[in-house]
Amino acid sequence: MTHDRKSLERAFSALDQDIAASPPDLDRLFAPGNSAPSMHDHHPIVVLTSGADLNPEPVSWLWPNWLALGKLHVLAGMPGQGKTTIAAGALAATVTVGGRWPDGEWVTEPGNVVIWSGEDDPADTLLPRFIASGGDRNRVFFVEGTRRADGVSAFDPSTDLPHLEAELERIGNVRLLVVDPVVSAVTGDGNSNNVVRRSLQPLVDLAAKCRCAVLGISHFSKGGAGNDPAQRVVGSIAFAAVARVVLVAAKVKQEDGDDRRILARSKSNIGPDDGGVRYDLRQVEALPGIYASRVEWMEQVEGSARELLADAAEQPETSRDGASDFLLNLLQGGPIPSATVKSKATTAGHAWRTIERASKDLDIEKRKHGMDGGWYWSLPKNATKNAKNATLGEWRSSGSSVAEFANGASVPTLAAASSDPSEDSEVF
């Protein structure tokens, strides 16, 4: 089909008349909030910000050079190093009362703390440790679940962070959020860099939006002696890469033969990445009849985490020794159901048969509570309060049972009423 010149002129003239009769509302079309029509409107647009439009600002620290507001951190170490006691006990308590940090710095502003743990019970473990550390109970909150239309379900960090964000905003002034273990925030393969990075991003965003320090607890992978401690964080290297600061806790063999614990900075993208502080774990009576572990801070130490923890890396604990320390730490607060012992041992990476052998080494008591009750494990009688204060190495070298060593005298070993069925692997 062809058009001559006169036909086109008539068509354009008619179009001009139509526009003149019904002109478009240009003011409405280009009003603020409305963009000019574009053939590319259906495509995503990358948002760029000029450096000239940004205001440089310093990092806001909760604990100067250790914990930063609005950032993700990881605290890692082998089982039995008191990582949860450090995070949910000592550090959390310091935040709530505006206390002094291990290096002498003071908290600038007391704040609230929120703790989620998939491994420890708030009532019989976390709160007693928090109280033993001198924390303000009115400023600590424990995540116990997520309320949905059909009731309350277990909190899942991988899916429930938006709901948690709403609660943090409701509480207000939340300065520290503890996630134990941080691997729970990962949906999918925890050894995949891409999966871990995508899964941790909502936690990173939550820290930034709520302006709180997020501290995730993790374990060291087995092996890797002599490596950079930050590279020993279990799972993908992305856990250490995404975190702005990685802290490590370990037990180090000293020249005098004593085991001393050190909390060190292993990696930091926003401050110094060396230095540490010595600490010890003590068993105290948090409330009448309720005993809990507490961190006692000691002197500061200099050096990189790799240097400070060199002895720990070169002289790794055997699996049996690690299992013994695990049981001493777990049972120090009193009897625990055998099913809970196995669950926590599995989470900590201990083989059940190794736990069984370690329980015999320690003369662990295994008793059935009532006719229909379950089996419970506990430290030998009279040893509960003091056994944790004795190092495993000192106990082994003494040649005594843990009860005898802890009490400084010969104490008859109490036999259980009968065998604990948990020792039969088919029960679980």
For E314, are the conditions met, namely being exposed (fewer than 15 other Cβ atoms within 10 Å of the Cβ) and at pLDDT 80 or above?
no
Do we have any residue at all in the range 288-302 that's of a type in the set (A, V, I, L, M), out of contact with any helix residue (DSSP H, G or I) (no Cβ under 7 Å at 6 or more places or on another chain) and either crowded, with 17+ Cβ neighbours inside 10 Å or under 23 Å from W116 (Cα atoms) (or both)?
no
In the range 103-119, residues that are modelled with pLDDT under 95 and buried (at least 18 other Cβ atoms within 10 Å of the Cβ) total 2
If you go through the range 142-152 one residue at a time, do you hit one that is in the same structural domain as A92 (by TED's automatic domain parsing), of a type in the set (A, V, I, L, M) and buried (at least 22 other Cβ atoms within 10 Å of the Cβ)?
no
Taking W377, is it closer than 25 Å to G289 by Cα and at pLDDT 70 or above?
yes
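On the basis of being surrounded by fewer than 20 Cβ atoms within 10 Å (Cβ to Cβ), without any contact (Cβ under 8 Å) to a residue 24 or more places away in the chain and either touching a Cys at 6+ places or on another chain (Cβ under 9 Å) or not acidic (D, E) (or both), does S192 make the cut?
It is false that S192 is surrounded by fewer than 20 Cβ atoms within 10 Å (Cβ to Cβ), without any contact (Cβ under 8 Å) to a residue 24 or more places away in the chain and either touching a Cys at 6+ places or on another chain (Cβ under 9 Å) or not acidic (D, E) (or both).
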Go through the range 318-344 and give me each residue that's modelled with pLDDT under 80 and buried (at least 19 other Cβ atoms within 10 Å of the Cβ).
G322, G333
Working carefully through the options G51, G80, find the one that is assigned by TED's automatic domain parsing to the domain that holds R278 and not acidic (D, E).
G80
Report, ordered by the first and then the second residue, all pairs with beta carbons closer than 8 Å, sequence separation of six or more or different chains, a first member in the range 121-145 that is without any contact (Cβ under 8 Å) to a residue 60 or more places away in the chain, and a second member that is in a loop (DSSP other than H, G, I, E, B) and acidic (D, E).
P122/E144; L126/D120
Condition check for L247: out of contact with any strand residue (DSSP E or B) (no Cβ under 9 Å at 6 or more places or on another chain) and touching a residue at least 40 places away in the same chain (Cβ under 8 Å):
no
Any idea which residue in the range 197-218 is modelled with the lowest pLDDT, counting only those that are in a helix (DSSP H, G or I) and crowded, with 20+ Cβ neighbours inside 10 Å?
S199
Failed condition for A52, given (1) aliphatic (A, V, I, L, M); (2) assigned to a helix (DSSP H, G or I); (3) in contact (Cβ under 8 Å) with a residue 60 or more places away in the chain, with all others met?
(3)
When you go through S184, S221 one by one, which is the residue that is buried (at least 18 other Cβ atoms within 10 Å of the Cβ), of a type in the set (G, A, S) and at pLDDT below 90?
S184
Is it true that A292 is at pLDDT 80 or above and under 30 Å from P58 (Cβ atoms)?
no
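V233 - would you say it is touching a helix residue (DSSP H, G or I) at 6+ places or on another chain (Cβ under 6 Å), at pLDDT 90 or above, more than 19 Å from V113 (Cβ to Cβ) and crowded, with 20+ Cβ neighbours inside 10 Å?
Taking the combined requirement at face value, the residue does not satisfy it.
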Please go through (1) surrounded by 12 or more Cβ atoms within 10 Å (Cβ to Cβ); (2) modelled with pLDDT under 95; (3) out of contact with any strand residue (DSSP E or B) (no Cβ under 6 Å at 6 or more places or on another chain) for A76 and return the number of the only condition it doesn't satisfy.
(3)
Filter result (in a helix (DSSP H, G or I) and in contact with a Phe, Trp or Tyr (Cβ under 9 Å, 6 or more places away or on another chain)) within the range 72-123:
I86, A88, G89, A90, L91, A92, A93, T94, V95, T96, P122, A123
May I ask you to verify whether G151 is touching a residue at least 12 places away in the same chain (Cβ under 8 Å) and small (G, A, S)?
no
Can you tell me which residue among T96, T125 is of a type in the set (S, T, N, Q), in contact with a strand residue (DSSP E or B) (Cβ under 8 Å, 6 or more places away or on another chain), modelled with pLDDT of 95 or more and in the same structural domain as V233 (by TED's automatic domain parsing)?
T96
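The values are calculated or read from the model by the stated rules, or taken from the named source; none is laboratory data. These numbers were taken from a predicted model, which means no experiment stands behind them. Quick reminder, even Gly has a Cβ in these numbers, built from the backbone with ideal geometry, and neighbours come from all protein chains shown.
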